[in-house]
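Okay, so here's the structure we're looking at.
The values are calculated or read from the model by the stated rules, or taken from the named source; none is laboratory data. Just so we're clear, the structure is a prediction, and the values are computed from it rather than from any experiment. Glycine gets a Cβ as well: all are built from the backbone with ideal geometry, and neighbour counts include every protein chain shown.
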């Protein structure tokens with residue numbers, strides 16, 4: 001009698017979309033049994049930071065067919081929503097053209113369900129278990145990786161996957177970190193309970209004008225907020241709306257959208273010199289040509305967006321940093337688009353004057369020791385002199401705090417200190433190679449340690465969003481399975497070119 005091969009052990013740190021998608025894709029596609037443990041500090045595995053909200057006006061900013069946990073089956077999440085009555089309980093989710101933008105909490109519930117559905121995978125006998133804890137350390141011995149948790153548990157595995165996602169929002173300069181305790185300052189806008197406590201007549205300042213600010217505006221308007229809400233950002237830009245084409249949209253099925261993302265980059269980009277000037281010129285020419293055909297900017301931009309993971313590593317590091325300084329804001333407002341339902345709420349509030357957008361930056365913040373009042377020194381783009389304005393509540397909507405990537409995560413901090421992780425060339429994440437193997441301070445890539453998702457922003461340019469994270473995981477699977485097929489200890493370090 002032939003005994004089945006022993007299960008290969010994998011530890012995944014992080015139980016949001018990145019961690020769950022990794023676990024599910026691994027068990028679905030592995031040729032051998034796997035024993036996977038997901039370490040997540042939160043009570044629920046699946047929702048993570050982004051999808052834990054239960055606010056009915058906080059919606060996914062992309063249609064259901066780009067949020068499947070396994071991109072090989074792009075229609076999976078849509079079918080799950082249908083089976084669970086999501087469109088019946090939320091008729092506003094479906095648009096007239098057939099696309100659906102569901103509440104973010106729905107995706108969190110779906111991810112949680114996927115963990116349970118794949119906890120025992122019959123085809124190979126693979127398993128997924130969850131551990132509510134916080135990973136604090138990891139080290140290698142005898143070809144294996146030991147991960148230590150805050151509660152004192154030690155997990156030994158052949159492979160460690162870091163799927164830590166985004167850090168919780170933090171106050172950024174010039175805010176004093178101590179202001180996070182002030183009753184008139186909301187550091188984490190994802191804490192919906194705090195938003196619900198804002199008085200209806202309060203004058204509110206939102207610092208940052210991206211998708212997070214739209215969520216806050218939606219929450220306030222649903223609560224009947226009558227006070228003025230001022231939304232500031234350095235350029236005063238707002239997320240562009242989702243394209244709502246006339247007629248019925250046929251959602252991509254199977255791996256159609258995955259194949260689009262994995263396909264060759266558009267010629268108008270690959271034939272251009274790898275400089276920002278040349279790339280911007282090439283994109284603008286494509287948009288002009290599209291408009292001459294009676295089309296809009298979405299298709300050319302989406303061709304670029306879907307191939308950023310291929311194009312970004314070819315851009316010199318100096319050009320990458322220049323993009324982050326000068327063009328990232330413009331890219332983001334076109335890339336991260338507002339859900340149609342949120343767009344309607346926000347535009348109505350803006351038209352009524354309840355919400356005002358300004359191009360300005362914060363110079364200083366002073367909060368009264370008594371009461372909620374907060375005085376903010378602002379400098380508008382066209383103001384000859386700074387001005388001080390008073391607000392009842394200030395909400396931090398600045399988005400990712402890249403400076404806190406290690407400060408808020410003890411495991412990442414420990415791996416940096418021991419040389420397993422090093423900051424990427426852009427200074428916004430960590431260096432990895434093309435197969436998501438971490439590249440340490442010695443220039444060596446560790447095949448037994450992988451990093452995926454938002455912390456690879458500097459390596460791949462745009463790994464944000466469910467579809468692109470899932471595709472990133474899919475791309476590394478063959479190399480992961482090849483690594484796991486080797487005897488323990490045989491997959492040592494190898495020198496690789498980091499991205500970047």
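List of remarks:
- Restricting region 85-101 to residues that are in contact with a helix residue (DSSP H, G or I) (Cβ under 7 Å, 6 or more places away or on another chain), outside any helix (DSSP H, G or I) and in contact (Cβ under 8 Å) with a residue 60 or more places away in the chain, the residue that is nearest to residue 339 (Cα to Cα): 101
- Of 446, 405, 437, all but one fail to be crowded, with 21+ Cβ neighbours inside 10 Å, under 21 Å from the mean Cα position of the chain (by Cα) and at pLDDT 95 or above; the exception is 437.
- The condition of being touching a residue at least 60 places away in the same chain (Cβ under 8 Å) and either in contact with a helix residue (DSSP H, G or I) (Cβ under 6 Å, 6 or more places away or on another chain) or not in a loop (DSSP other than H, G, I, E, B) (or both) holds for only one of 28, 79, 42, that being 28.
- Qualifying residue in region 125-134 (condition: loosely packed, with under 15 Cβ neighbours inside 10 Å and either in contact with a helix residue (DSSP H, G or I) (Cβ under 6 Å, 6 or more places away or on another chain) or at pLDDT 95 or above (or both)): yes
- One residue stands out in region 198-217 among those that are in a loop (DSSP other than H, G, I, E, B) and touching a strand residue (DSSP E or B) at 6+ places or on another chain (Cβ under 9 Å): the one that is surrounded by the fewest Cβ atoms within 10 Å (Cβ to Cβ), namely 199.
- Residues within region 259-314 that are outside any loop (DSSP other than H, G, I, E, B) and within 29 Å of residue 474 (Cα to Cα), tallied: 27
- Residue 107 meets the conditions (1) at pLDDT 95 or above; (2) under 22 Å from residue 259 (Cβ atoms); (3) under 15 Å from the mean Cα position of the chain (by Cα) in every case but one. The failed one is (2).
- Among the residues of region 277-301, the ones that are in contact (Cβ under 8 Å) with a residue 40 or more places away in the chain and crowded, with 16+ Cβ neighbours inside 10 Å come to 1 in all.
- Residue match in region 139-161 (condition: without any contact (Cβ under 8 Å) to a residue 24 or more places away in the chain, buried (at least 17 other Cβ atoms within 10 Å of the Cβ) and under 16 Å from residue 40 (Cβ atoms)): yes
- Annotation: residue 271 fulfils all but one of (1) without any contact (Cβ under 8 Å) to a residue 40 or more places away in the chain; (2) over 18 Å from residue 301 (Cβ atoms); the unmet one is (2).
- The numbered conditions (1) modelled with pLDDT under 95; (2) in contact with a strand residue (DSSP E or B) (Cβ under 6 Å, 6 or more places away or on another chain); (3) surrounded by 16 or more Cβ atoms within 10 Å (Cβ to Cβ) are all true for residue 242 except (2).
- Taken over region 449-500, residues that are over 23 Å from residue 70 (Cβ atoms), at pLDDT below 90 and touching a helix residue (DSSP H, G or I) at 6+ places or on another chain (Cβ under 8 Å) amount to 4.
- All conditions but one from (1) in contact (Cβ under 8 Å) with a residue 24 or more places away in the chain; (2) in the same structural domain as residue 191 (by TED's automatic domain parsing); (3) surrounded by fewer than 18 Cβ atoms within 10 Å (Cβ to Cβ); (4) closer than 27 Å to residue 94 by Cα apply to residue 345; the one that does not is (3).
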